[in-house]
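Structure provided below as structure tokens; questions to follow.
The values are calculated or read from the model by the stated rules, or taken from the named source; none is laboratory data. Please read these numbers as outputs of a predicted model, since none were measured by experiment. Here the Cβ positions follow ideal geometry from the backbone for every residue, glycine too, while neighbour counts run over all protein chains shown. Ligands, DNA and RNA are excluded from the accessible area calculation, which covers all protein heavy atoms including side chains. Shrake-Rupley method; radii C 1.70, N 1.55, O 1.52, S 1.80 Å.
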Amino acid sequence: MKTTYKGGGWLRTGIKEILWRCLKGRDGLTGVRVISGPSRGTRIRVDFRSESSYWLGTYDRKILSLLMQIIKPGQIAYDCGAYIGIYTATMRRAVGLNGRVYAFEASSLNYQRIARLPEANGWRNLQVEYLAIGEAHTTIRFASNLGAASGPIDMPGKNFPLESVQIENVPCSGVDELIFERGFPAPDFLKFDLETGEGFALLNGSRLWKEKRPTVLVELHKNSEPTPFAFESAEQFLRDFDYYGTEVHLGCPVKSVDDFVGAEKLGVQCTILAVPKN
């Protein structure tokens, strides 16, 4: 069994390399349609070597299928930390023609890719913004060439080598700032995948959490601190704003730092679906 698996892994890697070499454009990417799952039919550009799961429609399929049940036609959804737009595409399908999706991406390289989605797919109800979400009224240093792992650099306990990292200064907005100052419509659903920036995002939306009470999906990211800042922020958010949290991979209730750490120990990256209790 072990030998067969290993051989299969080498075969898959070889096929991806061949596809990449034969089909890549000058930017190393290939235009494809997602072939299965909730984002099926979406035109995106991928690197076959590392992003084939987006093309195949297998990436986060369980969570994306859940979003199709949670998000309703006509609603407004935010994709904060959108990367190349797989979650964005699913949200757009869920809200339908009468809803609207706003995608926020802080890496200029990733933004160039997701900004093509509306024209490539003929979508009129998707708006893409080059903007980090987290701290309000600020500019942050952002590592922009790490693909899906691109994220803010100067975060509590976040230390990693900066060799070969492209660093940009990116405008950053809090959630309340977006809605009550910049004039974006209040969302019914938000997804945060902010590479530790979710800690600030959860604490900079108090008016939204109290008045609109949207559903929130947040992927928590650890750092080198004994108690990660994002974990503490998530516990405070659930407690102070009276939200019920479920870890989506495990399907179990969570509400504290200990719960989040426990989920991580079971081999998942803790991702919380937060639903208002009333």
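Out of the DSSP beta bridges found with both residues in the chain, what percent are antiparallel (nearest 5)? Show your work: numbers first, answer last.
Details: 24 of 44 bridges.
Expressed as a percentage, antiparallel bridges in the chain total about 55.
To the nearest 20 debye, what is the magnitude of the charge dipole of region 58-182 about its Cα centre, counting +1 on the Cβ of each Lys and Arg and -1 on the Cβ of each Asp and Glu? Could the numbers behind the result be given before it?
Details: 12 positive and 12 negative charges, 135 e Å.
So the magnitude is around 660 debye.
Same structure, new question: What is the dipole size for the chain, taken about its Cα centre, with +1 at each Lys and Arg Cβ and -1 at each Asp and Glu Cβ, in debye to the nearest 20? Can you show the working numbers first?
Numbers: 34 positive and 31 negative charges, 311 e Å.
So the magnitude is around 1500 debye.
I've got another one for you. How long are the semi-axes of the equivalent ellipsoid of region 150-278, defined as square roots of 5 times the Cα gyration tensor eigenvalues? Whole Å, largest first.
23, 21, 11
Residue farthest toward the positive end of the dipole of the chain, with Cβ of Lys/Arg at +1 and Asp/Glu at -1: which of S65, W10, T138?
Positive-end residue among those listed: W10.
For the chain, which whole percent of the accessible surface, found with a 1.4 angstrom probe, sits on carbon and sulfur atoms? Working shown, then result.
Numbers: 6920 of 13440 Å².
The computed percentage sits at 52.
While we're on this one: Ordered by residue, what ³J(HN,Hα) values in Hz, to whole numbers, does region 220-227 give under the Karplus form 6.51 cos²θ - 1.76 cosθ + 1.60, where θ = phi - 60° and Gly and Pro are x?
8, 10, 7, 9, 7, 6, x, 10
Past 30 Å, Cα to Cα: identify those pairs from K24/K265; K62/K277; K16/K255; K16/K72; K62/K222; K222/K277, in the order given.
On the way: K24/K265 38 Å; K62/K277 24 Å; K16/K255 41 Å; K16/K72 36 Å; K62/K222 22 Å; K222/K277 27 Å.
The pairs that break the limit, which is 30 Å between Cα atoms, are K24/K265; K16/K255; K16/K72.
Give me Rg/Rg_expected for the chain, where Rg uses Cα atoms only and Rg_expected = 2.2 N^0.38 Å with N residues. Please report the intermediate quantities before stating the final value.
Numbers: Rg = 18.6 Å, N = 278, 2.2 N^0.38 = 18.7 Å.
With N residues counted in the chain, Rg over 2.2 N^0.38 Å equals 1.00.
Putting +1 on Lys and Arg Cβ atoms and -1 on Asp and Glu Cβ atoms, find which of P171, G199, T215 reaches farthest to the positive end of the dipole of region 153-222.
Projecting each Cα onto the dipole axis, the largest value belongs to T215.
Helix-derived [θ] at 222 nm for the chain: sum -39500 (n - 2.57) over DSSP H runs of at least 4, divide by residue count, nearest 500? It would help to have the intermediate numbers written out before the result.
Numbers: 11 runs with 98 residues, N = 278.
Mean residue ellipticity at 222 nm (helix-derived): -10000 deg cm²/dmol.
Go through region 87-97 residue by residue and turn each phi into a ³J(HN,Hα) via Karplus (6.51, -1.76, 1.60, θ = phi - 60°); whole Hz please, and just put x for glycine and proline.
Per-residue couplings from phi come out as 5, 4, 5, 5, 4, 5, 5, 5, 6, x, 5 Hz.
For the Cα atoms of the chain, what angle does the longest principal axis make with the long axis of helix 61-70, in degrees from 0 to 90, nearest 10?
In the chain, helix 61-70 runs at an angle near 40 degrees to the longest axis.
Considering only DSSP beta bridges whose two residues both sit in region 109-247, what percent are antiparallel, to the nearest 5? Show your work: numbers first, answer last.
Details: 8 of 14 bridges.
In region 109-247, approximately 55 percent of DSSP beta bridges are antiparallel ones.
Work through the residues other than R49 whose Cβ is under 12 Å from its Cβ and net out their charges, Lys, Arg +1 and Asp, Glu -1.
On the way: positive: R12, K16, R21, K24; negative: E17, D47, E51.
Neighbourhood net charge equals +1.
Could you list which residues have their amide H under 5 Å from that of T138, counting only those 5 or more apart in sequence or on another chain, with H placed in the peptide plane?
Sorted by chain and number, the residues that satisfy this are C172.
Another one. Residue by residue through region 11-19, which ³J(HN,Hα) values in whole Hz follow from phi under the Karplus form 6.51 cos²θ - 1.76 cosθ + 1.60 (θ = phi - 60°), with glycine and proline marked x?
In residue order, the calculated couplings are 5, 4, 4, x, 5, 4, 5, 5, 4 Hz.
State the answer as a single residue: which of N121, G147, S107 lies farthest towards the positive end of the charge dipole of region 92-161, with beta carbon charges of +1 for Lys and Arg and -1 for Asp and Glu, about the Cα centre.
Of N121, G147, S107, it is N121.
What's the longest bit of the chain with no exposed GluC sites (Glu not before Pro), using DSSP loop states and at most 15 other Cβ atoms within 10 Å as the test? Don't skip to the end; give the middle numbers.
Details: sites that count: E163, E181.
It works out to 1-162.
Using a 1.4 Å probe, what is the accessible area per residue for region 86-245, in Å²? Please list the in-between numbers first.
Values: 6660 Å² over 160 residues.
Per-residue accessible area for region 86-245 comes out at 42 Å².
Sticking with this structure for a sec: Over all Cα pairs of region 1-108, how is the pair count split among 10 Å bins, expressed in % and running from 0 up to the last occupied bin?
15, 37, 30, 15, 4, 0
I would also like to ask the following. Protein chains only, probe 1.4 Å: how do D242, D47, D258 rank by accessible area, largest first? Show your work: numbers first, answer last.
On the way: D242 60, D47 25, D258 120 Å².
From most exposed to least exposed: D258, D242, D47.
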